[in-house]
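J.: Below is the structure I would like to discuss, written out as structure tokens.
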Amino acid sequence: MSLILRHSPQTIGITLDENGWANASELLEGMNKKGYAINMEILQDIVDTNNKKRYSFNDDKTKIRANQGHSVDVDVELKELEPPEELYHGTATRFLDSIKEHGLQKQNRNHVHLSKDKETAAAVGKRHGNPIVLTIKSGEMYRDGYRFYFSENGVWLTDEISVKYIVF
Ligand code: HQG
């Protein structure tokens, strides 16, 4: 579902609207056609119990979308907020040389992802190899005019982070 709702809805022949919403019945039909036995009850269960609260329904549950993490160009109406003084980015040691040269870039996604605590950041970094947690001077960035967004599921997002705001 992450693949469909964030990166590649065409995998099951559906489209997302400009705000990232998929029609829930189209999603269920498309997934069933691809061999995933899923119904509304299971979908509701996934939305309720997903460990990272990745998905949300609209009010009448006719539409569903991922809260963040997209590579497709959609506007999920993220809340713009003042960040805490420091945030954390978990990455892998093998990326450090490049990050020291270019700063943090959004790569395939629409934003750079930041965590509010070091433990979460370490878990994010571990997905890529030997983890390392970088401290980000988010307060200073904010005062310098950079925008920060806070997703429905508690992830901080920004467009890019130059080297001067990263504590290695
Ligand atoms: C790295 C998961 C070299 C960056 C997590 C990261 C998160 C650079 C990788 C969410 C770089 C991109 C996102 C540079 C950045 N040179 N490497 N200049 N700039 N990188 O997966 O932050 O399970 O796109 O450090 O919990 O790891 O999907 O981003 O290692 O919230 O819900 O390039 O994904 O959530 O990797 O993870 P990703 P991420 P979900």
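J.: Among E80, E41, E26, which one shows the highest mean-square fluctuation when the chain is modelled as a Gaussian network with alpha-carbon springs under 10 Å?
T.: Residue with maximal mean-square fluctuation among E80, E41, E26: E41.
J.: E140 versus E77, label points 7 Å from Cα toward the beta carbon: distance in nm?
T.: 3.6 nm
J.: Keeping all protein chains in position, work out how much accessible area L16 exposes to a 1.4 Å probe, and write it in Å² to the nearest 10.
T.: 30 Å²
J.: Pick out, from A122, Q10, I161, the residue whose Cα sits farthest towards the positive end of the charge dipole of the chain, with +1 on the Cβ of Lys and Arg and -1 on the Cβ of Asp and Glu.
T.: Value computed over the given set: A122.
J.: Could you state how much accessible area V163 has, in square angstrom rounded to the nearest 10, with a 1.4 Å probe and all protein chains kept in place?
T.: Rounded to the nearest 10, that gives 50 Å².
J.: Right, next: Distance in nm between label sites at E101 and D117, each 7 Å beyond Cα in the beta-carbon direction?
T.: Label-label distance for E101 and D117, simple model: 3.6 nm.
J.: Averaged per residue, what accessible area in Å² does the stretch 43-150 show with a 1.4 Å probe, protein chains only?
T.: Result: 59 Å² of accessible area for each residue.
J.: To the nearest 20 Debye, how big is the dipole of the stretch 42-168 about its Cα centre, given +1 on the beta carbon of each Lys and Arg and -1 on that of each Asp and Glu? Could you put the intermediate results ahead of the total?
T.: Working: 19 positive and 20 negative charges, 91 e Å.
About 440 debye.
J.: Along the Cα→Cβ direction, 7 angstrom out, place labels at D59 and A37. What is the inter-label distance in nm?
T.: 3.6 nm
J.: How much mean residue ellipticity at 222 nm does the chain get from its helices, if each DSSP H run of length 4 or more adds -39500 (n - 2.57) and you divide by all residues, to the nearest 500 deg cm²/dmol?
T.: Details: 5 runs with 42 residues, N = 168.
Rounded to the nearest 500, it is -7000 deg cm²/dmol.
The values are calculated or read from the model by the stated rules, or taken from the named source; none is laboratory data. All values derive from a computational prediction rather than experimental measurement. Cβ sites come from the backbone with ideal geometry, for glycine too, and all protein chains shown count toward neighbours. Protein only, heavy atoms only, side chains kept; ligands, DNA and RNA dropped before computing areas. Shrake-Rupley method; radii C 1.70, N 1.55, O 1.52, S 1.80 Å.
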